[in-house]
Every structure is written in structure tokens, then in C-alpha cells.
Amino acid sequence: MTEKLYYIDSHLHKFQAKVTGCVNENGMFEVTLEKTAFFPEGGGQLGDSGYIGESRVFDTQERDGEIIHYCEKELPVGDTVDCRLDWDIRFRRMQNHSGEHILSGIIHEIFGYDNVGFHMGSEDITVDYDGYIEPDDLREIERRANAAVFSNVEIKTEFPSGEKLKNMNYRSKLELTENVRIVTVDGVDICACCAPHVKRTGEIGIIKLLDSIHYKGGVRIHLLCGYDALEDYRARYESTKKIAAELSVKQKEVTEATLRKLCEFAEYRERHAELRRELTEMKINAIKPSDGNIVVFDNDADPDTARRIANAGADLCPGICAVFSNGNYCMVSRHADLRAKAREINAAICGRGGGSSDMIRGVAAASRAEIEKYFGENNAKYN
């Protein structure tokens, strides 16, 4: 059994230990130590990374009471080695995890809801509760959570005796009876948890609720704490700063200014669509009747416009009306079976595509001169 130093001191991040095992598993070495400060994945918190000697530790897991360190290099069994955690990563995880305890404790106290899901993602932390909370209530919960941070109370951990545990009122997702580790945030929360935490709430820095959504009959809250919350704020601040500069407004006026721009954009887009419709009608009216095929080149035509022009042209000729736009084509005919002719046409225009008997779509690589020559020479063929 590995001695778990992270339960003795959650802030221990450099130590020495004897290597008790090293097994090569498909090029990855599973290393065990007589004692370790590397926390194995559990309680919603990921396993620690760092270094054992000069060997990089990618992950840490627990198996039958032994802590397994997944390393890149082989380590001699029996050697005593220097070990160090990726402390910045571990500390941030502890900030977020301790912040989640405070949040969950307050929500449980006010609403009686339980934390039924906890995940530390790459972008933020999500916590799921079995009841819905209104946004106004979440703002008050966030205020209370940060008041608990600013009070800088101690976060205590213990393994109470079975008798003491029976008389404790604590949060837990499972029915636990032995070797239960209790994490207590004075005056805020008592919860069963196997993960390391900060020593006092002041180390959390800040708890920031980012978003909330309805989720499985309850609510999913997105949050960040500590350094992660600070970096998130910096990113949002820089984004707001740039937008404000582009809109020539103060940062606090960005929302209203953006909404005004969106309204203006909607008006421009509507007017643009109206002008495109008018332009398409002008292009359709400019098509002249033909005794053979009609070929139109229009690089401004989107797929819908090309279809409309091709349909209009097909009514003015006994053959095919083919519209080409930026390498794409749309062909319509009232008389020829285009599905049956698609292979021949595509071969002639270096194309690829298909469709129905009266309309085919695709792409063509042939030059304009080659396309005009083909349809001109085959005017009568498709009548």
C-alpha cells in the first residue's frame, strides 16, 4: 500500500521516495513508490502529473490501494528519487474543487439540492444539481460563496471513526461506512471527498459562476475559481476592449452598441436580399430566346439564383439552359433527359455532378471557351 502524502499535506509538491515497482506496459512505465504526493484521479479531480526523477509522469491512478504513476521512462526499483508535481496545475484543481464544495454546500443549505454530477473540463467546471435555480438566486449564491472565500476560514479534513461518522450530517453521492474522508469548510459545508483541497478558503481567490442551463430536470452550472477565473476574466476583458474600440464606445456600453449594430445589419441584410432579387429578375429578363441551348456565366450567382436563372432560361429554349458560377453549374431542360445525359455532359466539361431528369447540378473545370464550344456544337442535340 502506498503511503498517501497528499492526505498529510495537500500542498506538498516536492519530495523523495523509493521506487517499489516499474512495469513496462506497451511502452508506458507503471511506477509505484513507497509514498507519494501525486494524487490519483478520483472525486471528480484528475490525476496529477509531474516528474519522478527525470521521468515525466503523465497521469496518476489508484489500483487496489497502490498509486500507479504512468511514466515515460523506466526507473530502477530500489532507488530513492526526487519527485515533483506540476504544482500550478494541482493548485488550480484544488482551487476549483474547493470552490465547488463551497458552492454545493450553500445550494444544499438553501434549496436542499444535491450535487449529482461534477466535471473538471479543459475550459471550465460543470456541476449538476437535482433541482432548478433561477438566475437571480444564482447571483445571490455567488455572492455568498465569495463571502465564504473572503472570510478565509480553514478547510479541515479527517477520517472519522465509524461511530462519529454515524452522527455526522454530511453530503455524499454514495452510502459510505468505512475509510470515509470528510472535508469540512467551517460554517459552509461538510462533504465526503477523497481529493486534496486548499488549506483555507482565501486560497481559492474567487468563485465565478459563468453560465447555467436546464439539465435533466435540474440545473448545470458552469464556473471557474482562482487563477483559472482570473485568466478567463482577462480573456473576456481583452475581447470586450477590442469590441469597444471597434464600436468607438466605452466598454460598459458594448452590449447596447452591439445590439444597435445587429439591428442595422439586419436592415442591411434585408435590403441586400431585396436588391439581389431585383438583380436576379433583371438577369432573367435579359435572357434572349434561343433555337438551341442557352449558356449563362454569372460568378455572382448563388445556388438559388443559378437555379432561378436556369429555370427561366429553360422556358426560352428547346435545349438546355446551363448556368455556370465560380466552377459550379446548374442545368435545366424541359425536353432533354438530363439524368441520362449527365455522364456525357460532365465528360465534355470536365465536370462532376447529377440530379433529376429535368435538372442537374455539379462542378466543372473546363474553360469558358470549351463550355461555350460544347453547347454551341450540340445546339440541336438536346432539342
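The values are calculated or read from the model by the stated rules, or taken from the named source; none is laboratory data. Source: prediction; values computed, not measured. Cβ: placed from backbone, ideal geometry, glycine included. Neighbour counts: every protein chain shown. All accessible areas refer to the heavy atoms of the entire protein, side chains included, with ligands and DNA or RNA removed. Shrake-Rupley method; radii C 1.70, N 1.55, O 1.52, S 1.80 Å.
Determine whether residue 116 is touching a Gly at 6+ places or on another chain (Cβ under 8 Å), open to solvent by 70 Å² or more (accessible area, probe 1.4 Å) and over 17 Å from residue 205 (Cα atoms).
On the way: touching a Gly at 6+ places or on another chain (Cβ under 8 Å): yes; open to solvent by 70 Å² or more (accessible area, probe 1.4 Å): yes; over 17 Å from residue 205 (Cα atoms): yes.
Here the answer is yes, as residue 116 does meet what is asked.
How many residues are under 16 Å from residue 322 (Cβ atoms) and not in a loop (DSSP other than H, G, I, E, B) if we restrict to the stretch 269-292?
Residues in the stretch 269-292 being under 16 Å from residue 322 (Cβ atoms) and not in a loop (DSSP other than H, G, I, E, B): 2 in total.
Which of the strands (runs of 3 or more DSSP E) contained wholly in the stretch 312-383 include at least 1 residues that are under 42 Å from the mean Cα position of the chain (by Cα) and over 15 Å from residue 298 (Cβ atoms)? I'd like the intermediate steps shown before the answer.
Details: elements: 320-325, 328-333, 351-355, 359-364.
Answer list for the stretch 312-383: 351-355, 359-364.
Hey, among 60, 80, which residue is of a type in the set (Ser, Thr, Tyr) and closer than 30 Å to residue 126 by Cα? So that I can check it myself, show each step before the final result.
Working: 80 fails: closer than 30 Å to residue 126 by Cα.
Matching residue, one of 60, 80: 60.
Looking at the stretch 41-59, I want the residues that are touching a residue at least 60 places away in the same chain (Cβ under 8 Å) and have a partner that is of a type outside the set (D, E, K, R) and open to solvent by 40 Å² or more (accessible area, probe 1.4 Å) with Cβ atoms under 7 Å, at least 6 apart or on another chain. Which pairs are those?
42/194; 43/194; 44/119
Among the candidates 63, 56, single out the residue that is open to solvent by 10 Å² or more (accessible area, probe 1.4 Å), modelled with pLDDT of 95 or more and not polar (S, T, N, Q). Break it down into steps so the answer makes sense when it comes.
Values: 63 fails: modelled with pLDDT of 95 or more.
Criteria check complete, one pass: 56.
Would you be able to say whether some residue in the stretch 341-354 is buried (at least 21 other Cβ atoms within 10 Å of the Cβ) and under 12 Å from residue 293 (Cβ atoms)?
Taking every residue of the stretch 341-354 in turn, at least one turns out to be buried (at least 21 other Cβ atoms within 10 Å of the Cβ) and under 12 Å from residue 293 (Cβ atoms).
Right, residue 118: aromatic (Phe, Trp, Tyr), under 30 Å from residue 9 (Cα atoms) and more than 20 Å from the chain's Cα centre (by Cα) or not?
no
Would you mind stating whether residue 132 is crowded, with 16+ Cβ neighbours inside 10 Å, among the aromatic types (Phe, Trp, Tyr) and either at negative phi or touching a residue at least 12 places away in the same chain (Cβ under 8 Å) (or both)?
Numbers: crowded, with 16+ Cβ neighbours inside 10 Å: no; among the aromatic types (Phe, Trp, Tyr): yes; either at negative phi or touching a residue at least 12 places away in the same chain (Cβ under 8 Å) (or both): yes.
Here the answer is no, as residue 132 does not meet what is asked.
Matching residues to (1) on the phi > 0 side of the Ramachandran plot; (2) open to solvent by less than 20 Å² (accessible area, probe 1.4 Å); (3) not hydrophobic (A, V, I, L, M, F, W, C):
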position	(1), (2), (3)
22	no, no, no
26	yes, no, yes
33	no, yes, no
38	no, yes, no
47	no, yes, yes
50	yes, yes, yes
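Does the stretch 291-313 include one or more residues that are at positive phi and touching a residue at least 60 places away in the same chain (Cβ under 8 Å)? Explain how you work it out, then say what you get.
Narrowing the stretch 291-313 to residues at positive phi: none.
Within the stretch 291-313, not a single residue is at positive phi and touching a residue at least 60 places away in the same chain (Cβ under 8 Å).
I want to confirm something. Restricting to the stretch 66-105 and keeping residues that are touching a His at 6+ places or on another chain (Cβ under 8 Å) and surrounded by fewer than 18 Cβ atoms within 10 Å (Cβ to Cβ), which single residue is nearest to residue 220 (Cα to Cα)?
The selected residue is 87.
Can residue 230 be described as closer than 22 Å to residue 143 by Cβ, in contact with a helix residue (DSSP H, G or I) (Cβ under 9 Å, 6 or more places away or on another chain) and hydrophobic (A, V, I, L, M, F, W, C)? Explain how you work it out, then say what you get.
Values: closer than 22 Å to residue 143 by Cβ: yes; in contact with a helix residue (DSSP H, G or I) (Cβ under 9 Å, 6 or more places away or on another chain): no; hydrophobic (A, V, I, L, M, F, W, C): yes.
No; evaluated as a whole, the condition is false for this residue.
If you go through the stretch 141-159 one residue at a time, do you hit one that is under 12 Å from residue 103 (Cα atoms), without any contact (Cβ under 8 Å) to a residue 12 or more places away in the chain and open to solvent by 20 Å² or more (accessible area, probe 1.4 Å)?
Residues of the stretch 141-159 that are under 12 Å from residue 103 (Cα atoms), as a first pass: 141-149.
Then drop every residue that is not without any contact (Cβ under 8 Å) to a residue 12 or more places away in the chain, which leaves 143, 147.
If we keep only those that are open to solvent by 20 Å² or more (accessible area, probe 1.4 Å) as well, we get 143, 147.
Within the stretch 141-159, one or more residues are under 12 Å from residue 103 (Cα atoms), without any contact (Cβ under 8 Å) to a residue 12 or more places away in the chain and open to solvent by 20 Å² or more (accessible area, probe 1.4 Å).
Residue-wise test of (1) of a type in the set (Val, Ile, Thr); (2) in contact (Cβ under 8 Å) with a residue 60 or more places away in the chain; (3) outside any strand (DSSP E or B).
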position	(1), (2), (3)
10	no, yes, yes
15	no, yes, no
19	yes, yes, no
22	no, no, no
75	no, no, yes
84	no, yes, no
